[in-house]
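Enquirer: Here it is, the structure in full.
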Amino acid sequence: MTLTLYSMPSSGNSYKIRLMFGFLGLEYKHIGLEYETPELAEAHATGALPMGKLPVLVLDDGTPLPESNAILCFLAEGTPWMPRDPLDRARVLGWMFFEQNRHETVIAVRAGIQKYASRAHLATPERLAELLEAGHSVLQVMENHLAEQDWFVGDGPTVADVALYAYTHTAGPYGGFEMERFPSINNWLARVALLPGYVGLEELPE
Ligand SMILES: N[C@@H](CCC(=O)N[C@@H](CS)C(=O)NCC(=O)O)C(=O)O
């Protein structure tokens with residue numbers, strides 16, 4: 001099966017999928033579309049992005065699958081990265097919903113409004129302070145959980161770890177969050193980076 005991934009090189013949501021491909025040791029065709037480029041505008045115009053966002057995984061029959069966490073679940077099905085036990089699967093999904101509802105909307109947003117020129121007007125001192133406080137409370141939820149166990153669900157890494165790793169590992173340098181307050185998160189980040197097949201955010205396929 002030839003899988004094609006439309007991904008944004010600088011985006012954590014897209015990085016999740018590149019990281020998952022690395023951990024699964026799967027080859028894929030990569031089409032990089034960076035923010036605010038004519039190539040991304042063309043992908044929008046031609047309807048290549050069904051929900052209007054990246055990443056999108058395209059199956060070999062041409063079926064497009066959008067939404068990063070849905071793509072993770074699809075790729076991980078039948079592997080140890082997605083538990084078979086119904087309760088553990090639900091726990092994995094719970095952390096992935098947490099990631100999209102409470103984590104990405106704060107941690108990634110604080111980084112994004114400081115990084116992308118077209119969003120700089122959103123980076124007011126009030127908004128940055130609000131996002132800093134909200135981000136620290138989200139990170140504290142993760143810290144409390146990881147103080148008790150090495151991985152988010154069960155005894156090994158799952159797609160919940162992949163989903164949460166993407167924006168957490170840049171929360172300090174890009175988002176300005178005080179990561180020294182979260183030792184269990186830092187130990188978990190180091191554990192993820194040591195897993196076989198790990199690829200960094202900036203390591204794009206040929
Ligand atoms: N919930 C979506 C969010 C995807 C998303 O927001 N993608 C952004 C980059 S992080 C994007 O495609 N931006 C380009 C655009 O809006 O044109 C997911 O997890 O896949």
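Enquirer: Taking segment 65-80 on its own, how many of its residues are within 8 Å of the ligand (Cβ to nearest atom) and of a type in the set (V, I, T)?
Expert: 1
Enquirer: While we're on this one: Within segment 78-130, track down each residue that is exposed (fewer than 13 other Cβ atoms within 10 Å of the Cβ) and acidic (D, E).
Expert: D85, E126
Enquirer: Out of the residues in segment 83-106 that are acidic (D, E) and under 12 Å from V159 (Cβ atoms), state the one that is farthest from the ligand (Cβ to nearest atom). Walk me through how you get there before you give the answer.
Expert: Of the residues in segment 83-106, the ones acidic (D, E) are 85, 88, 99, 104.
Now narrow it down to the ones that are under 12 Å from V159 (Cβ atoms): 88, 99.
On the way: D88: 22, E99: 9 Å.
Per the stated criteria, the residue is D88.
Only the coordinates and a few stated rules stand behind these numbers; no lab work does. The model shown is predicted, which means the values in this text are computed figures rather than measured ones. When we count neighbours, we look across all protein chains shown, and the Cβ atoms used for this are built from the backbone with ideal geometry, even at glycine.
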